[in-house]
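Colleague: Can you read through this structure? Questions will come right after.
Just so it is clear, none of the values below were taken in a lab; they were calculated from the coordinates. Note that the structure is predicted; figures quoted are calculated from it, not measured. In this analysis, Cβ positions are derived from the backbone assuming ideal geometry, glycine residues included, and neighbour counts consider all displayed protein chains.
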């Protein structure tokens, strides 16, 4: 995954507004734990597309 570090600094979880961290091919929320997919180096920050923790 090739995401610009400056982009990662400003992205937040659309559900709880917490920061996101890169884990494999996903962006995982540090607050609520939702995991958002990254497709073709584009983060898909849609709660309906996120994987729930657990």
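Colleague: Rank these for me by crowding, 38, 12, going from fewest to most other beta carbons within 10 Å.
Modeller: Going from sparsest to densest Cβ surroundings: 12, 38.
Colleague: Moving on to the next point. Bin by bin, in steps of 10 Å, what percent of the Cα pairs in the chain do you find, going until the bin that has the longest distance?
Modeller: 28, 62, 10
Colleague: According to a simple spin-label model (label point 7 Å from Cα along Cα-to-Cβ), what is the distance in nm between residue 32 and residue 17?
Modeller: Modelled inter-label distance: 1.3 nm.
Colleague: Also, I was wondering about something else. Could you give the length gained on full extension between residue 2 and residue 48, defined as 0.36 nm per residue of separation minus the Cα-Cα distance, in nm?
Modeller: 14.2 nm
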